[in-house]
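Quick notes on the structure that follows.
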């Protein structure tokens, strides 16, 4: 019997949930490596970014510090260490909440962060009320997308059946450009837009900011960005759902527009390289490298510098990855997003 076609976003949601429920994919022994695993300066800079934002918020006590998709807890461990060393009042005021659905990853986060975590959540909607600062690195790219293909003057929608795409008439499609050329592929992520709108409404009502770092494009356009990674190499995104990392490029313009609809201000997107350099990541990496060299660990010093360069260089992660901040409209431009 032929399987029933499954809409791409539903296929992707099911595959991503199964993947993270059964694997710990981060690091050199996993399927991919993320910025916190490349350089400890990344998490340190984001922790201090949050401390400065907290001061601009009027130093509320308590304040929620939230991470969406915390991985193995590496980013937050680095952030808390830096905050504890140079921003003790913020460290005392913050209450750490992690949004993580995977039981396996929660165990890794518990091992990395110990008793620092106030609570875990499966969904941001269950976070307690109050002013909040949210961090999300490579979170939006894993949210499900829909894909539409222009065929004979109309839009068809991609579904998945037996490891292949099939096209069916599009139902309840978002607004799509009628001038698209034949065969053009348009992507939309209702889940990402809904998240941005909900967080924006919360930030506008209760105060705070949300920082997203992810790969994607600053504006709209056409193209198929669905991709899969396994063991640090490309894989077929449809062949074995739940066994590979499945992602798509983030449409930052759509995220920013949804946030403004929700009542928040949106700053960016900026290239990640520019944003991190403004936060002083390269200077922090140089300090760490000098300390390693002074201790006789010259190989480690070289790795520290090359890792930081990978995060900011245009040919590395500095251009494709973007930074976007959503915040209460009364807050000034957050660190790294200042005009000019």
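Here are the numbers for this structure:
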quantity	calculated
For percent of Cα pairs over 39 Å apart, calculated from these coordinates, the label among (i) 50; (ii) 14; (iii) 19	(ii)
Nearest-ten-degree value, helix 190-206 long axis tilted from longest Cα axis of the chain	40 degrees
The range 4-107: relative contact order in percent, alpha carbon pairs under 8 Å with at least 6 residues between	34 percent
Most mobile of 220, 207, 115 in a GNM of the chain (Cα contacts under 10 Å)	115
Modelled label reach - residue 283, point 7 Å along Cα→Cβ, the range 308-340 residues with backbone N closer than 16 Å	335-338
Gaussian network model of the chain, springs between alpha carbon atoms under 10 Å - residue of 98, 303, 276 with greatest fluctuation	303
Protection proxy ranking of 187-200, 75-88 - average other beta-carbon atoms within 10 Å, highest first	187-200, 75-88
With Cα atoms, 0 to 90° folded angle of helix 252-261 axis to the chain main axis	80 degrees
Highest-MSF residue in the chain out of 257, 209, 152 [GNM, Cα springs under 10 Å]	152
Residues residue 239 and residue 107, FRET efficiency given R0 of 35 Å [Cβ-Cβ distance, rounded to 0.05]	0.75
Mean-position separation - Cα centroids, the range 162-234 and the range 256-293, in angstrom	22 Å
Helix axis angle, 281-294 relative to the chain longest principal axis, alpha carbon, degrees	60 degrees
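Quick note: the coordinates plus some simple rules give every number you see, no bench work behind them. Computed from a predicted structure; not experimentally measured. Reconstructed Cβ throughout: ideal geometry from the backbone, glycine too, with neighbour counts over all protein chains shown.
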